[in-house]
Amino acid sequence: MKLLSVNVGQARPVPYTSHPDGLTGIDKRPVEGPVMVSAPGPKGIAGSGLAGDVVCDLKHHGGDDQAVYAFAREDLDDWERELGRTLANGCFGENITTDGLDVSGALIGERWRIGPAVVLQVTSGRVPCRTFQGHLGEPGWVRRFTRKAATGAYLRVIEPGEIRAGDAVEILHRPGHGVTAAMEFRATTTERELLPRLLAAGDDLHPEALAAARKYVAEQAR
């Protein structure tokens, strides 16, 4: 298991984002050399966990619990076959493109060591938005991505450091609760009956998903 690429984006004006200035950083491109990874700070204030990477929509993206977005090359290859087009590393807006790792099947709370120093922890899947659809230029993309539920994973930074393309990825810890990034995505979008199962992941879960699960359980108990 390894990193195929480390990808960062700059703010660019586009016609398909809801950002008030019409800017997005979703167009991530692979970079050479090491990139510093660290916890960026609270959502709404801080952006990406990667140095040199820009997050424009701080309301929905970035912050400690979405510091890094990972997507598997295998899933990009699957989409290439389905869409009949080439998909470069980073084109889904991911910060790290992996090889040999089931990213969507990663468990909430799972910890990865990347390279000699960095440790990341899985927090949630990725919810597609209109900016993602506009960036890909695929009609009905939000529905298609949601239906497949190969979401990739957001991660928080446990141990900071530098990463680069070619770094080995090692799974340090894999919880036993069975709650994957893909399940978290399905529970918070199309299959809300799964929300109670998310509680098994506890505080490792993205705080917004944990709050949604607790609210659902409380409502069902009334």
ask   = Mean residue ellipticity at 222 nm from the helices of the chain, using -39,500 (n - 2.57) per DSSP H segment of n ≥ 4 over the full residue count, to the nearest 500 deg cm²/dmol?
value = -6500 deg cm²/dmol
task = Could you size up the charge dipole of segment 2-173 around its Cα centre, putting +1 on the beta carbon of Lys and Arg and -1 on that of Asp and Glu, and report it in debye to the nearest 20?
result = 460 debye
request  = Convert each backbone phi in segment 54-69 into a coupling constant with the Karplus relation 6.51 cos²θ - 1.76 cosθ + 1.60 (shift: θ = phi - 60°), then list the ³J(HN,Hα) values in order as whole Hz, x for Gly and Pro.
outcome  = 10, 10, 8, 8, 6, 5, 10, 10, x, x, 4, 8, 10, 5, 9, 10
key: Environment charge at PRO15 (Cβ cut-off 14 Å; Lys +1, Arg +1, Asp -1, Glu -1)   = 0
note = Check: C-alpha center segment 6-36 vs C-alpha center segment 145-222, spacing in Å is 24 Å
request  = Enumerate by residue number the trypsin sites (Lys or Arg not before Pro) in segment 1-95 meeting two conditions: DSSP loop (anything except H, G, I, E, B), and at most 12 other Cβ atoms within 10 Å of the site's Cβ.
outcome  = LYS59, ARG85
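Order these by the 10 Å Cβ neighbour count, fewest first: VAL35, VAL127.
VAL127, VAL35
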message = Can you compute the FRET efficiency between ARG164 and LYS215 using 1/(1 + (r/R0)^6), with r the Cβ-Cβ distance and R0 = 35 Å? Round to the nearest 0.05.
response = 0.30
task = Please compute the net charge surrounding THR123, taking Lys and Arg as +1 and Asp and Glu as -1 over other residues with Cβ under 14 Å from its Cβ.
result = -3
Total charge dipole magnitude, segment 48-93, about the Cα centre, Cβ charges on Lys, Arg, Asp, Glu only, Debye to nearest 20 = 160 debye
query = Rg and Dmax of the chain, Cα atoms, in Å?
reply = 16.5, 55
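Got a sec? How would MET183, MET36 order by Cβ neighbour count within 10 Å, fewest to most?
Ordered by Cβ neighbours within 10 Å, fewest first: MET36, MET183.
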query = Looking at the chain, which longest stretch skips every one of the GluC sites (Glu not before Pro) that is in a DSSP loop with at most 14 other Cβ atoms within 10 Å, leaving the sites themselves out?
reply = 33-190
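Any read-out appearing in this document is the output of simple, stated calculations on the displayed coordinates, not a laboratory observation. Remember, predicted model here, so these are calculated numbers, not experimental data. Glycine also receives a Cβ, built like all others from the backbone with ideal geometry; neighbour counts cover every protein chain displayed.
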